[in-house]
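Engineer: Here's a structure for you.
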Number of protein chains: 2
Amino acid sequence: MIKKNIYLIGAGNVATHLGIALKSNNHNVAGVFSKTYKPAKALAAKIGAQHINNKKIFEDKEGIFIISVPDWALEDVINIMKNCKGLVIHTSGSVDMNSLSVFKNHGVFYPLQTFSKEKEINFEEIPICIEANNEENKMVLQKLAQSLSKHVHYVNSEKRMILHISAVFACNFTNFMYQLSEDLMHKNNLNFSILRPLIIETANKAIIKSPKEIQTGPAARGDMNTIRKHEEYLSNFPGLEKIYTFISQKIQQKKS
Amino acid sequence: MIKKNIYLIGAGNVATHLGIALKSNNHNVAGVFSKTYKPAKALAAKIGAQHINNKKIFEDKEGIFIISVPDWALEDVINIMKNCKGLVIHTSGSVDMNSLSVFKNHGVFYPLQTFSKEKEINFEEIPICIEANNEENKMVLQKLAQSLSKHVHYVNSEKRMILHISAVFACNFTNFMYQLSEDLMHKNNLNFSILRPLIIETANKAIIKSPKEIQTGPAARGDMNTIRKHEEYLSNFPGLEKIYTFISQKIQQKKS
């Protein structure tokens, strides 16, 4: 446990899940600071912290200030906090640690997961990637991260961005494929849940083995007959057809 | 249980898993017929069936003949079997039932799952889509399917193809995204398994909620700054960059 006061700057998905995890591990979440009134109020109430709008908190030299806002809002927040005396960290995948170099003590605390406010999550299993501007801050962040998760990695800014891009492929793009699949099924009054076992098996297999080894389907087999049949059907949905054709080609190029 | 003799025509991934499931449900798998010697021999041995190369089996009027070969090989197999007297079915997602109309009794038995020979699978949870040329054959296939799985659906050929295309998006294309992600990580000496919690959470959330509701990431947020940063990094890997840009654009178009 860390005795320092912890402040959450932001009240979105990541701040919410992080706040809950910090609270349930008995950390001292002293306040939630956010421009958005309602979400901040709600988060503060949820984790028994104060909703603070007073810049005085930034004078807490011993405090840990976790900025968890959209990347585009980061600059504004840094400006507001610029005289902060504590340890200032952000939770972003693709923002360099140096963006916080105006603060004497700074670092990164990036939980590699997809968060939705309404869905509970087991924080213990979430990989946390930390980075810090010196050894002392690194030790603080390591202790903090290890109190929440079994999987703590020290990762520099470049590697973190690569992890983030990899996560975009494995999570965001994957989910987009699910979405296209669901679209097509709904258009035909088919229930998406029929694909559940397939989706779970594909995810499990990719982890246990390797996605490269388990690639199946018409494109991987070079089964042009089936591909043509699918494209012919999808010509009713030009958006889908274009994506189908593009990815099928990429799969085939990769094999050759 | 069905008293008829069941014959597997083919010895690939689907035939193997189906053979094992039939055997463990005490069906009478009388023989494995396949052009490929070694896999057929191995499958026959595994399920205690005979490896048969004699066309006489096709005279078994009461037999159920499950053709489980690549789509491109189907025509050849139909030719070999053309005088078959039994109930002839195939296991393909995208081949019309009518392709078997040369047989008096015919149908389809399509297990909606991705199979690898070396990985065990719980057949009970696999949706099986059946189709038959008459009521009597439908009853036989229904009984057979229900003995293996809790999820049996009667689906005509067009809907089955739509299911198959949906499965290509949700399984093959998804796995390709995993593959790109793994590639990028390996190129940077990062271990793909770090993405495990993210991949599993994404799959689970898509099913519990809906992929549309849970789409996150730079493209869904319209975070062009991050997208540009990622593209700049990926410019070292032109293949990956092209796919990243294409899918990011499609996600944004879908939102608008």
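The values are calculated or read from the model by the stated rules, or taken from the named source; none is laboratory data. It should be emphasised that the depicted structure is a prediction, and the values quoted were computed from it without experimental measurement. Counting neighbours? That spans all protein chains shown, and the Cβs are built from the backbone with ideal geometry, glycine included. Side chains included, ligands, DNA and RNA excluded: accessible areas come from the protein's heavy atoms. Shrake-Rupley method; radii C 1.70, N 1.55, O 1.52, S 1.80 Å.
Engineer: Among the residues that make up the stretch B:2-15, is at least one of them assigned to a loop (DSSP other than H, G, I, E, B), of a type in the set (A, V, I, L, M) and surrounded by fewer than 18 Cβ atoms within 10 Å (Cβ to Cβ)? So that I can check it myself, show each step before the final result.
Structural biologist: Looking only at the stretch B:2-15, we keep the residues that are assigned to a loop (DSSP other than H, G, I, E, B), and these are B:2-4, B:10-12.
Going one step further and asking which of them are of a type in the set (A, V, I, L, M), we end up with B:2, B:11.
Within this subset, residues satisfying the condition of being surrounded by fewer than 18 Cβ atoms within 10 Å (Cβ to Cβ) are B:2.
Checking the stretch B:2-15: at least one residue is assigned to a loop (DSSP other than H, G, I, E, B), of a type in the set (A, V, I, L, M) and surrounded by fewer than 18 Cβ atoms within 10 Å (Cβ to Cβ).
Engineer: Looking at B:VAL155, B:VAL102, B:VAL108, can you tell me which residue is more than 11 Å from chain A (Cβ to nearest Cβ), farther than 20 Å from B:LYS3 by Cβ and in contact with an Asp or Glu (Cβ under 8 Å, 6 or more places away or on another chain)? Even if it seems obvious, please write down each step before you answer.
Structural biologist: Numbers: B:VAL155 fails: more than 11 Å from chain A (Cβ to nearest Cβ); B:VAL102 fails: in contact with an Asp or Glu (Cβ under 8 Å, 6 or more places away or on another chain).
Exactly one residue qualifies, and that residue is B:VAL108.
Engineer: Let me ask something additional. Any residue in the stretch B:172-191 that's within 7 Å of chain A (Cβ to nearest Cβ): show its pairings with residues that are of a type in the set (Phe, Trp, Tyr) and surrounded by fewer than 23 Cβ atoms within 10 Å (Cβ to Cβ) at Cβ separation under 6 Å, as long as the two are six or more apart or on different chains.
Structural biologist: B:GLU182/B:PHE192; B:MET185/B:PHE192
Engineer: Here's another thing I want to ask about it. Could you grab me the full set of residues in the stretch B:100-118 that are more than 14 Å from A:LEU198 (Cα to Cα), within 19 Å of the chain's Cα centre (by Cα) and open to solvent by 20 Å² or more (accessible area, probe 1.4 Å)?
Structural biologist: Our first condition is that a residue be more than 14 Å from A:LEU198 (Cα to Cα); within the stretch B:100-118, this holds for B:100-109, B:117-118.
Adding the requirement that they be within 19 Å of the chain's Cα centre (by Cα) leaves B:107-109, B:117-118.
Within the stretch B:100-118, B:LYS117, B:GLU118 meet the criteria.
Engineer: Also, quick follow-up: Pull up the stretch B:120-149, narrow it to residues that are open to solvent by 40 Å² or more (accessible area, probe 1.4 Å) and within 17 Å of the chain's Cα centre (by Cα), then point me to the one that is modelled with the lowest pLDDT.
Structural biologist: This residue is B:GLU120.
Engineer: Here's something else I'd like to know. Quick one: in the stretch B:88-99, of everything that is among the aliphatic types (A, V, I, L, M) and under 28 Å from A:ALA219 (Cβ atoms), which residue is surrounded by the most Cβ atoms within 10 Å (Cβ to Cβ)? Break it down stepwise before answering.
Structural biologist: Step one: filter the stretch B:88-99 for residues among the aliphatic types (A, V, I, L, M), giving B:88-89, B:95, B:97.
Keeping just the survivors that are under 28 Å from A:ALA219 (Cβ atoms) gives B:89, B:95, B:97.
Working: B:ILE89: 29, B:VAL95: 22, B:MET97: 18.
Restricting to residues being among the aliphatic types (A, V, I, L, M) and under 28 Å from A:ALA219 (Cβ atoms), the top hit is B:ILE89.
Engineer: State whether the residues of the stretch B:37-44 include one that is within 23 Å of B:MET139 (Cα to Cα) and either of a type outside the set (Ser, Thr, Tyr) or part of a loop (DSSP other than H, G, I, E, B) (or both). Walk me through it before giving the result.
Structural biologist: Our first condition is that a residue be within 23 Å of B:MET139 (Cα to Cα); within the stretch B:37-44, this holds for none.
Checked against the condition, which is being within 23 Å of B:MET139 (Cα to Cα) and either of a type outside the set (Ser, Thr, Tyr) or part of a loop (DSSP other than H, G, I, E, B) (or both), the stretch B:37-44 yields no hits at all.
Engineer: If you check A:LYS205 against the conditions, is it free of Cβ contacts under 8 Å to residues at least 40 places away in the same chain, over 20 Å from the mean Cα position of the chain (by Cα) and within 7 Å of chain B (Cβ to nearest Cβ)? Walk me through how you get there before you give the answer.
Structural biologist: Values: free of Cβ contacts under 8 Å to residues at least 40 places away in the same chain: yes; over 20 Å from the mean Cα position of the chain (by Cα): yes; within 7 Å of chain B (Cβ to nearest Cβ): yes.
Judged against the criteria, A:LYS205 is a match.
Engineer: With respect to B:GLY222, is the statement that it is in contact (Cβ under 8 Å) with a residue 12 or more places away in the chain, open to solvent by 30 Å² or more (accessible area, probe 1.4 Å) and either farther than 27 Å from A:LEU198 by Cα or at the interface with another protein chain (Cβ under 7 Å from one of its Cβ atoms) (or both) true? Before you say what the answer is, go through the steps one by one.
Structural biologist: On the way: in contact (Cβ under 8 Å) with a residue 12 or more places away in the chain: yes; open to solvent by 30 Å² or more (accessible area, probe 1.4 Å): yes; either farther than 27 Å from A:LEU198 by Cα or at the interface with another protein chain (Cβ under 7 Å from one of its Cβ atoms) (or both): yes.
The answer is yes for B:GLY222.
Engineer: Considering every residue within the stretch B:134-143, establish whether at least one is touching a helix residue (DSSP H, G or I) at 6+ places or on another chain (Cβ under 6 Å) and part of a helix (DSSP H, G or I). So that I can check it myself, show each step before the final result.
Structural biologist: In the first step, residues of the stretch B:134-143 are kept if they are touching a helix residue (DSSP H, G or I) at 6+ places or on another chain (Cβ under 6 Å); the result is none.
Checked the stretch B:134-143: no residue is touching a helix residue (DSSP H, G or I) at 6+ places or on another chain (Cβ under 6 Å) and part of a helix (DSSP H, G or I).
Engineer: Based on this model, can you work out whether A:ILE165 counts as of a type in the set (Val, Ile, Thr), closer than 27 Å to B:ALA219 by Cα and surrounded by 21 or more Cβ atoms within 10 Å (Cβ to Cβ)?
Structural biologist: On the way: of a type in the set (Val, Ile, Thr): yes; closer than 27 Å to B:ALA219 by Cα: yes; surrounded by 21 or more Cβ atoms within 10 Å (Cβ to Cβ): yes.
Considered against the rule, which asks whether it is of a type in the set (Val, Ile, Thr), closer than 27 Å to B:ALA219 by Cα and surrounded by 21 or more Cβ atoms within 10 Å (Cβ to Cβ), A:ILE165 comes out as yes.
Engineer: When you go through A:GLU241, A:GLU213 one by one, which is the residue that is of a type in the set (Asp, Glu), touching a helix residue (DSSP H, G or I) at 6+ places or on another chain (Cβ under 6 Å), surrounded by fewer than 22 Cβ atoms within 10 Å (Cβ to Cβ) and more than 7 Å from chain B (Cβ to nearest Cβ)? Spell out the reasoning first.
Structural biologist: On the way: A:GLU213 fails: touching a helix residue (DSSP H, G or I) at 6+ places or on another chain (Cβ under 6 Å).
From the options A:GLU241, A:GLU213, the qualifying one is A:GLU241.
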